[in-house]
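What follows is a structure written as structure tokens; I'll ask about it next.
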Amino acid sequence: MKRVGYDPDFAGAVECSASAGGQILPPVMGATVFMLADTLGIPYIQLAIAAVLPALLYYVGVFSVVHFRAVRLNMEGSGTERAPWFDLLKRSYLLLPLVLIVVLLVMNYTPTFAAFWGGIVSAVLLSFLRKDTRLSVEKVIKILYNAARTTMSLGIATAVVGIIVGTFSTTGITMIIARMIFTLTGGIKFLTLFMTMLVAMILGMGLPTSAAYVLASISAAPALTMVGIEQMPAHLFVFYYGCMSTITPPVATGAYTAAGLSGGNPNRIGFHSMKLAIAGFIVPFIFIYTPQLLLTSGIDLRLTVFSFVVTALGLVFLAAFFEGALMERASVPMRLIFLALAAALIWPDIWVSLVGLIASIPMLVVLALKDKKKQNIPA
């Protein structure tokens, strides 16, 4: 990304926000999803299905910000000679362990069984197909060392959180926090969601996602059920903000890792990440008010498709507002129009969204014709 013209801070932020989204993107998601499934008492695959559309919306937002930044800076592609698609296809068999893990989970095997046979065993066997991926003794030792370090840090954090969870459960402070949120917001749904978001993000700062989710689920999620939100959307809501806490300043632990890769400033990377991941802060509110996006039973397919399309388009316009470009650099009045259209499209009301959709179509047509005319003008 730096080679084609993105600055180190923005390049690091893309890495940071894309990595945070990996925890909410099926089929694998992060390890926390198994804790979530266990808490709710539902199969993993049900959660994975529910998370598909929100995760796609998240990446629509990330991609749009990256693309419109390129448009604003008048960047060009790196060239086909730098895109080693053939080499990538030759190594595509390395994705088979991921596929096997998902298949085994869908067949209702335990996560441990799926990880061992579908992940570890298949990866070891596949590594012998090519000389450069073959596992030597040194590589095995390095893998075991890195796995032990990762497990150790996660285990320590989980153990500490376990003490906190035990204390909260024994003293009943979880319901006290939930009642405090409910009292402060007066039982108003939007305010309760906003307060829960803040609590989940503050509790999750500096912690692994699994630890952040556990803390938020026992302290903040009950407040959502008190205002009539069902268990699965409520827990997905706090799970999302547990993931977003890793890229949110002032802590933003993910930004420090990304800074080491890109050579950027961790604080600036954190703020860029928030802009890139703006969909991650909005989408949880959307699927609470538009539950058909979670693909639960009894959904109206037409309404689900409509909600997904208008929300995705709204996130595109929101990214255009932040970056100041759509098909070309945009003036301040045009950016305000983008913001108004984004608000209308994202608004959880079918008629408001329909008005936003009708208003956006002619504007997109005019901008597209203008861009085409500009491209046809000889240099």
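At 0.36 nm per residue, minus the direct Cα-Cα distance, what do Val160 and Ile143 gain on full extension? Give it in nm, one decimal, please.
Working it through step by step, the gained length comes to 3.5 nm.
Continuing with this model, one more query. GNM, the chain, Cα, under 10 Å: largest mean-square fluctuation among Ser210, Ser273, Ser19?
Ser19
Moving on. Apply 1/(1 + (r/R0)^6) to the Cβ-Cβ distance of Gln46 and Leu191, taking R0 = 30 Å, and write down the FRET efficiency to the nearest 0.05.
Calculated transfer efficiency: 0.50.
Of Lys131/Lys275; Lys2/Lys189; Lys2/Lys142; Lys90/Lys374; Lys2/Lys90; Lys142/Lys275, which pairs sit farther than 32 Å apart, going by alpha carbon to alpha carbon?
Over 32 Å Cα-Cα: Lys131/Lys275; Lys2/Lys189; Lys90/Lys374; Lys142/Lys275.
Label Ala368 and Ala343 with points 7 Å out from Cα along Cα→Cβ: what is the distance between them in nm?
Once both label points are built, they end up 2.7 nm from each other.
Between Val124 and Ile358, what is the label-point separation in nm under the 7 Å Cα-to-beta-carbon projection?
The answer from the label model is 6.4 nm.
With equal scatterers on the alpha carbons only and no solvent term, can you work out the Debye log10 of I(q)/I(0) for region 1-160 at 0.08, 0.13, 0.14 1/Å?
The calculated log intensity ratios at q = 0.08, 0.13, 0.14 Å⁻¹ are -0.34, -0.92, -1.05.
Moving on to the next point. Work out how much length Thr150 to Asn265 would gain on full extension: take 0.36 nm times their residue separation and subtract the Cα-Cα distance, in nm to one decimal.
38.9 nm
Top mean-square fluctuation among Leu276, Leu301, Leu105, Gaussian network model of the chain, C-alpha springs under 10 Å?
Result for the chain, Cα springs under 10 Å: Leu301 fluctuates most.
Taking 7 Å along the Cα-to-C-beta vector as the label spot, tell me the Val332-Ile350 distance in nanometres, rounded to one decimal.
Here the modelled spin labels are 4.0 nm apart.
If you don't mind, another one. Most mobile of Met274, Met175, Met152 per a Gaussian network model of the chain (Cα springs, under 10 Å)?
Sorting by GNM fluctuation, first place goes to Met152.
Please label the shape of region 88-163 as rounded, prolate or oblate, based on the square roots a ≥ b ≥ c of the eigenvalues of the alpha-carbon gyration tensor (a/c under 1.5 means rounded; beyond that, a/b larger than b/c means prolate, else oblate).
oblate
If you don't mind, another one. Can you find, among Leu303, Ala343, Ala320, the residue sitting farthest towards the positive end of the charge dipole of region 300-379, where Lys and Arg contribute +1 and Asp and Glu -1 at Cβ?
Of the listed residues, the answer is Ala320.
How high is the relative contact order of the chain, in percent, counting Cα pairs under 8 Å that sit 6 or more residues apart?
It comes to 24 percent, rounded to a whole number.
Rg(Cα) of the chain divided by 2.2 N^0.38 Å?
Compared with the compact-globule rule of thumb, the chain sits at 1.07.
Where Rh is the Kirkwood radius over the Cα pairs of region 300-379, the temperature 25 °C and the viscosity 0.890 mPa s, what D in µm²/s does Stokes-Einstein return?
Taking Rh from Cα pairs, D becomes 185 µm²/s.
Shifting gears a bit: Peptides 113-124, 238-249: what's the order by average Cβ count within 10 Å, highest mean first?
Put in order of decreasing packing, that is 238-249, 113-124.
Could you work out the Kirkwood radius for region 1-74, taking every pair of different alpha carbons, averaging 1/r and inverting it, reported in Å?
It is 13.9 Å.
So, one more: In square nanometres, what is the average projected area of the Cα convex hull of region 230-325?
Answer in nm², one decimal: 7.4.
Every number in this text was worked out from the coordinates using simple rules, so none of it is lab data. Keep in mind the model is a prediction, meaning the values are calculated, not measured. Don't worry about glycine lacking a Cβ; one is built from the backbone with ideal geometry, like all the others, and counts go over all protein chains shown.
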